[in-house]
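Here the structure comes first, spelled out in structure tokens, and everything after it is commentary.
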Amino acid sequence: MKNIAVIGAGTMGNGIAHTFAQSGFKVQLIDISEASLKKGMDTITKNLDRMVAKAKITEADKAETLGNITTYTNIEAGVEYAGLVVEAATENLDLKLKIFKQLDAACGEDTILATNTSSISITQIGAVTSRPEMVIGMHFMNPVPIMKLVEIIRGYSTSDAVTKIIMDLSKQLGKTPTEVNDYPGFVANRILMPMLNESIETLYNGVAGVEEIDTVMKLGMAHPMGPLQLADFIGLDVCLSILNVMYDGFKNPKYAPCPLLVNMVNAGKLGIKSGEGFYDYSESRKAEKVSKQFI
């Protein structure tokens, strides 16, 4: 298990690749887009530079970490020697099922298949493979190199042996693995997303403004980041997708996305990634200026 393939070079994928590589694993970072791979590697390099500047690692550590990562645009070539594949593609069920069918055909019979999904059923993903007992959820938190938690999600068929391997592996990364069962939203998002949605409802109903809502939660509840700022950081499209998975899974109206969230996503106001959400990020990636539509 010293050879890890990571599918997807976006925010989560490059963070996962960085974390494994810094812990001494050989990593194959795979994406269909050369541009995405370059952007992912640039992000890893910048994050390592930041760690060097803070004296958390040395230049030699940085060079070793980057040397542990090889990039591929072809899944079959990238997973050839992997003992574990961690899929970190877009949070889209059809895409994930397609990828896992490919992985099942391309990987060796002993390869464990993990997904970084934040809400989609591990059981459903495992069911499209010939090895459901070797399919598991590894839900890393963003930013991956810094956040300690990994939610380990067992599908209906995931074996005890595979669960133990992944729990132990997560500890080797310096993470704290926490085992949960396979129900919509798991634990993290089953609790977090209704809070974010209720914060958006509070804004939608005119109870208070953006900064006021975030201030109450930061100063009153000791949250390091207000819920609306956090929603922008996660991506409003991602929040909407997770809420829809939970609403479809439970059929409970408390998980129904706020109409304001739906409208913002439809308008392309996705948070930091688009330059505007509840805050305006045109001048800074920090939430320093409220979006003009909420002033």
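When you go through Thr90, Thr71 one by one, which is the residue that is in contact with a helix residue (DSSP H, G or I) (Cβ under 6 Å, 6 or more places away or on another chain) and either part of a helix (DSSP H, G or I) or assigned by TED's automatic domain parsing to the domain that holds Leu113 (or both)?
Working: Thr90 fails: in contact with a helix residue (DSSP H, G or I) (Cβ under 6 Å, 6 or more places away or on another chain).
After ruling out the rest, the residue left standing is Thr71.
Mind listing whichever residues of segment 99-116 are without any contact (Cβ under 8 Å) to a residue 60 or more places away in the chain and in contact with a Phe, Trp or Tyr (Cβ under 7 Å, 6 or more places away or on another chain)?
Leu113
So, in segment 128-148, exactly how many residues are farther than 18 Å from Glu91 by Cβ, surrounded by fewer than 16 Cβ atoms within 10 Å (Cβ to Cβ) and either touching a strand residue (DSSP E or B) at 6+ places or on another chain (Cβ under 8 Å) or not hydroxyl-bearing (Ser, Thr, Tyr) (or both)?
Matching residues across segment 128-148 total 2.
Answer yes or no as to whether Val238 is in a helix (DSSP H, G or I), among the hydrophobic types (A, V, I, L, M, F, W, C), in contact (Cβ under 8 Å) with a residue 40 or more places away in the chain and outside the structural domain of Met141 (by TED's automatic domain parsing).
Yes: the conditions hold for Val238.
Looking at Lys2, Lys96, Lys26 in this structure, which one is of a type in the set (D, E, K, R) and free of Cβ contacts under 8 Å to residues at least 40 places away in the same chain?
Lys96
Quickly run through segment 180-200 and pick out the residues that are among the acidic types (Asp, Glu) and under 17 Å from the mean Cα position of the chain (by Cα). Before you say what the answer is, go through the steps one by one.
Restricting attention to segment 180-200, the residues satisfying the condition of being among the acidic types (Asp, Glu) are 182, 198.
Of everything in segment 180-200, just one residue is among the acidic types (Asp, Glu) and under 17 Å from the mean Cα position of the chain (by Cα), namely Asp182.
Which one of Ala89, Ala9, Ala77, Ala17 is within 30 Å of Ala161 (Cα to Cα), surrounded by fewer than 24 Cβ atoms within 10 Å (Cβ to Cβ), touching a Gly at 6+ places or on another chain (Cβ under 8 Å) and among the small types (Gly, Ala, Ser)?
Ala89 is the lone residue from the list that is within 30 Å of Ala161 (Cα to Cα), surrounded by fewer than 24 Cβ atoms within 10 Å (Cβ to Cβ), touching a Gly at 6+ places or on another chain (Cβ under 8 Å) and among the small types (Gly, Ala, Ser).
Answer yes if at least one residue in segment 120-127 is within 22 Å of Thr19 (Cα to Cα) and not assigned by TED's automatic domain parsing to the domain that holds Pro257, and no otherwise.
At the first step, the residues of segment 120-127 found to be within 22 Å of Thr19 (Cα to Cα) are none.
No, the conditions are met nowhere in segment 120-127.
Can you find a residue that is closer than 27 Å to Leu95 by Cα, modelled with pLDDT of 95 or more and not in a loop (DSSP other than H, G, I, E, B) anywhere in segment 46-53? Write out each step before concluding.
As a first pass, look at segment 46-53 and keep what is closer than 27 Å to Leu95 by Cα: none.
Checked against the condition, which is being closer than 27 Å to Leu95 by Cα, modelled with pLDDT of 95 or more and not in a loop (DSSP other than H, G, I, E, B), segment 46-53 yields no hits at all.
Tally the residues that are touching a residue at least 60 places away in the same chain (Cβ under 8 Å) and outside any helix (DSSP H, G or I), restricting the search to segment 176-219.
Of the residues in segment 176-219, 6 are touching a residue at least 60 places away in the same chain (Cβ under 8 Å) and outside any helix (DSSP H, G or I).
Output the number of residues of segment 271-289 satisfying the condition of being out of contact with any Ser or Thr (no Cβ under 9 Å at 6 or more places or on another chain) and surrounded by fewer than 21 Cβ atoms within 10 Å (Cβ to Cβ).
Residues meeting the conditions: 8.
When you scan segment 270-295, how many residues do you find that are closer than 22 Å to Lys218 by Cβ and either among the hydroxyl-bearing types (Ser, Thr, Tyr) or within 24 Å of the chain's Cα centre (by Cα) (or both)?
The number of residues fulfilling the criteria is 13.
Scan segment 20-36 residue by residue and report those that are part of a helix (DSSP H, G or I) and within 11 Å of Thr71 (Cα to Cα).
Scanning segment 20-36 gives Glu34, Ser36.
So which of Asn252, Asn244, Asn205, Asn263 ends up being under 20 Å from the mean Cα position of the chain (by Cα) and not hydrophobic (A, V, I, L, M, F, W, C)?
The conditions single out Asn244.
Scan segment 5-19 residue by residue and report those that are aliphatic (A, V, I, L, M) and either under 15 Å from Gly174 (Cβ atoms) or assigned to a helix (DSSP H, G or I) (or both).
Passing the criteria: Met12, Ile16, Ala17.
Can you pull out the residues in segment 259-286 that are closer than 15 Å to Leu196 by Cβ and either in a strand (DSSP E or B) or not assigned by TED's automatic domain parsing to the domain that holds Tyr247 (or both)?
Once the filter is applied, which keeps residues that are closer than 15 Å to Leu196 by Cβ and either in a strand (DSSP E or B) or not assigned by TED's automatic domain parsing to the domain that holds Tyr247 (or both), segment 259-286 yields Gly271, Tyr279.
How many residues, within segment 141-175, are touching a residue at least 60 places away in the same chain (Cβ under 8 Å) and under 24 Å from Asp248 (Cβ atoms)?
Total satisfying the criteria: 1.
The values are calculated or read from the model by the stated rules, or taken from the named source; none is laboratory data. Since the structure is predicted, the reported quantities are computational estimates derived from the model, not experimental observations. Please note: Cβ atoms are built from the backbone with ideal geometry, for glycine as well, and neighbour counts cover all protein chains shown.
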